[in-house]
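I have placed the structure first, in the form of structure tokens, so that the comments after it can refer back to it.
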Amino acid sequence: ISTTVHRRLHESDALAVASMIAAGTKEPLAHVLLREARASATITGSYSSALVMGMAALEIGVKHLIAELVPDAGWLALHTPTPPIIDILTSYLPTLPARLNLGGNAVELPAELIVTLRKGVTARNTAVHSGKSQPSKEFVERVLNSVSDSLWIFDYYAGHAWALENLSSETRSELRSLSDSAG
């Protein structure tokens, strides 16, 4: 069973959305891929495909964040092979000049997200390279939820304050802890 919680839009949200529409902004590819990954898992029960698409969404999301925050590195981020995604998330992400940050902290993801994403990378690699793995529905949902929270955090660091309202309560709590520990 999967649920989606929709929040009420605030007037500032409507203004931000109107501004994005007027500027011709399209939904980021990473979010599109994540939605397709969820559909693959939910509609067809293809958990390996969902996992592969979800991890691709994470990689695309972080590359786009790098290109957004460090325009001079954008071409490299988008056109060259990248180091392992977990290395990017733990070693490079904290060096980025975020437009918004939490309590003065460097750009980072909560430790629990990193743990789940690391497991997702391993499972994705097993599925892609051996073709024998069919991860469980629960595992894939956990990984896709972690990818989703990561993408929303990337959106926040890129300057969209409203993005944090889309986080799971667990990740929101972990971010509060990160922010409190810096203060």
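Could you give me the residue pairs with C-beta distances under 6 Å whose first residue belongs to region 67-82 and is assigned to a helix (DSSP H, G or I), whose second residue is surrounded by fewer than 13 Cβ atoms within 10 Å (Cβ to Cβ) wherever it lies, and which are 6+ apart or on separate chains?
So the pair list comes out as Leu69/Pro97.
Can you name every residue in region 18-39 that is among the aliphatic types (A, V, I, L, M), over 30 Å from Ser49 (Cα atoms) and either touching a strand residue (DSSP E or B) at 6+ places or on another chain (Cβ under 8 Å) or at pLDDT 65 or above (or both)?
Within region 18-39, Ala18, Ile21, Ala22, Ala23 qualify.
Applying the selection to region 116-127, what residues are in contact (Cβ under 8 Å) with a residue 24 or more places away in the chain and either open to solvent by less than 80 Å² (accessible area, probe 1.4 Å) or touching a Pro at 6+ places or on another chain (Cβ under 9 Å) (or both)? Let's see the steps before the verdict.
Keep residues of region 116-127 that are in contact (Cβ under 8 Å) with a residue 24 or more places away in the chain, which gives 116-121, 123-124, 127.
Correct list: Thr116, Leu117, Gly120, Val121, Ala123, Arg124, Ala127.
Go through the residues of region 52-68 one by one and say whether even a single one is touching a helix residue (DSSP H, G or I) at 6+ places or on another chain (Cβ under 7 Å), open to solvent by 80 Å² or more (accessible area, probe 1.4 Å) and at negative phi.
Yes.
Output the residues belonging to region 132-150 that are open to solvent by less than 30 Å² (accessible area, probe 1.4 Å) and either farther than 11 Å from Leu113 by Cβ or more than 15 Å from the chain's Cα centre (by Cα) (or both).
Within region 132-150, Pro135, Val140, Leu144 meet the criteria.
Could you tell me which numbered condition Ala163 fails, if it satisfies all but one of (1) touching a residue at least 12 places away in the same chain (Cβ under 8 Å); (2) open to solvent by less than 40 Å² (accessible area, probe 1.4 Å); (3) over 19 Å from Ser91 (Cα atoms)?
(1)
What pairs come up if the first residue lies in region 25-39 and is under 22 Å from Pro135 (Cβ atoms), the second is open to solvent by 80 Å² or more (accessible area, probe 1.4 Å) and part of a helix (DSSP H, G or I), and their beta carbons are under 8 Å apart, counting only those six or more places apart or on different chains?
Note: pairs meeting the criteria are Ala30/His64.
Any chance region 74-90 includes a residue that's among the acidic types (Asp, Glu), open to solvent by 60 Å² or more (accessible area, probe 1.4 Å) and out of contact with any Gly (no Cβ under 9 Å at 6 or more places or on another chain)?
yes
The values are calculated or read from the model by the stated rules, or taken from the named source; none is laboratory data. As the structure is a prediction and not an experimental result, all values here were calculated from the model. Every residue, glycine as well, gets a Cβ built from its backbone with ideal geometry; the counts of neighbours run over all protein chains shown. Just the protein is used for accessible areas: all its heavy atoms, side chains included, with ligands, DNA and RNA removed. Shrake-Rupley method; radii C 1.70, N 1.55, O 1.52, S 1.80 Å.
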